[in-house]
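Contents: one structure, followed by commentary.
The values are calculated or read from the model by the stated rules, or taken from the named source; none is laboratory data. In this text, all values refer to a predicted model and were calculated from it rather than measured experimentally. Heads up, the Cβs are rebuilt from the backbone with ideal geometry, glycines too, and the neighbour counts pull from every protein chain shown.
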Amino acid sequence: MTKLAFILITSAGCFLLLILILTATASKGIVINQDSQEHIIMAEIMQKSFWQGAWILSGSLTPVYPLVLVCLAAIADSSLLSVARWLNLFIACFIYILAAILLWKIIQNRSVMFFAAIMMSFSIPFFANAISLGEEALFILLMLIFLHVLLKKEYSASVNFWLILLTIISCLTSQSGFCLIPTGGLFLMLFCPGRLRYRFRRMIIYLSFTIIPWGLFYALNKMISTFMINNPYQYQSSILLRANFLIKTLISWFLPWRNYPGL
């Protein structure tokens, strides 16, 4: 597939996604769910007492998304909800473009790219995250950038630096970001070019500079917060309850109107 065909297909799909997100959030704005309340509260605390460090007392392990909202709201002189809507719109389009580039590098087929463009534009889980206030879309974007850097053919000191930086930011964006630490370490050890001792040294450097900052922040939250995982409710759930939660989550991927009545 030629580069012109790739640009045309990607641009058309990205424009379609843009229209869908703008239409869905035009009347009522960005969707606010139960998880969104935590980010709004955290962002408001940051706005009032960021330099005093009072926001750390909330025990949040994922302060990156609220921090981005606060910075953009201050620059644009706008409300947090308005900034969140346009931020998610930008992130969704950026995710679409990066995913298309990654797919184009792997499969250079016009028919497959056209089908993938339609699928990404109408992806229900992706669309639900794009219109909701939360860190999921930002975390997906960071993972895609991480993959692009990880799949480079040359592994220099600058590549290791970006991998470390992206991993740390991902860990502070979503608790799922911790999975990038072993993933990146194993990839550097198994698939990087060079002798075994150089690959092992790259892995040790990567693990050291990613685990230590995340561990220090985690320990800080444990010392000044009551709960480890930022959950004010401790509960015990059986296997049946967990299975029921899993089924409801999977159903919500294909039936978004169960969680988003406005759709």
Every listed condition ((1) closer than 23 Å to THR62 by Cβ; (2) exposed (fewer than 15 other Cβ atoms within 10 Å of the Cβ); (3) not basic (Lys, Arg)) holds for PHE200 save (1)
Might you let me know whether the range 123-132 holds any residue that is in contact with a strand residue (DSSP E or B) (Cβ under 7 Å, 6 or more places away or on another chain), at pLDDT 80 or above and small (Gly, Ala, Ser)? yes
Tell me which residues, restricted to the range 3-21, are exposed (fewer than 13 other Cβ atoms within 10 Å of the Cβ) and farther than 14 Å from ALA100 by Cα. ILE19
Would you check if ALA24 is crowded, with 16+ Cβ neighbours inside 10 Å and at pLDDT 75 or above? yes
Can you confirm whether the range 226-238 contains a residue that is assigned to a helix (DSSP H, G or I) and modelled with pLDDT under 70? no
Based on what the data block shows, is LEU80 more than 15 Å from the chain's Cα centre (by Cα), modelled with pLDDT of 85 or more and buried (at least 17 other Cβ atoms within 10 Å of the Cβ)? yes
Could you list, in sequence order, the residues of the range 136-161 that are over 16 Å from the mean Cα position of the chain (by Cα), surrounded by fewer than 16 Cβ atoms within 10 Å (Cβ to Cβ) and not small (Gly, Ala, Ser)? LEU151, LYS152, LYS153, GLU154, PHE161
What helices (runs of 4 or more DSSP H) completely inside the range 78-160 contain at least 3 residues that are in contact (Cβ under 8 Å) with a residue 24 or more places away in the chain and among the β-branched types (Val, Ile, Thr)? 80-106
Restricting attention to the range 36-77, and to residues there that are crowded, with 17+ Cβ neighbours inside 10 Å and of a type in the set (Gly, Ala, Ser), which single residue is modelled with the highest pLDDT? ALA73
Residue check: is SER132 farther than 26 Å from PHE191 by Cβ and either in contact with a Cys (Cβ under 9 Å, 6 or more places away or on another chain) or aliphatic (A, V, I, L, M) (or both)? no
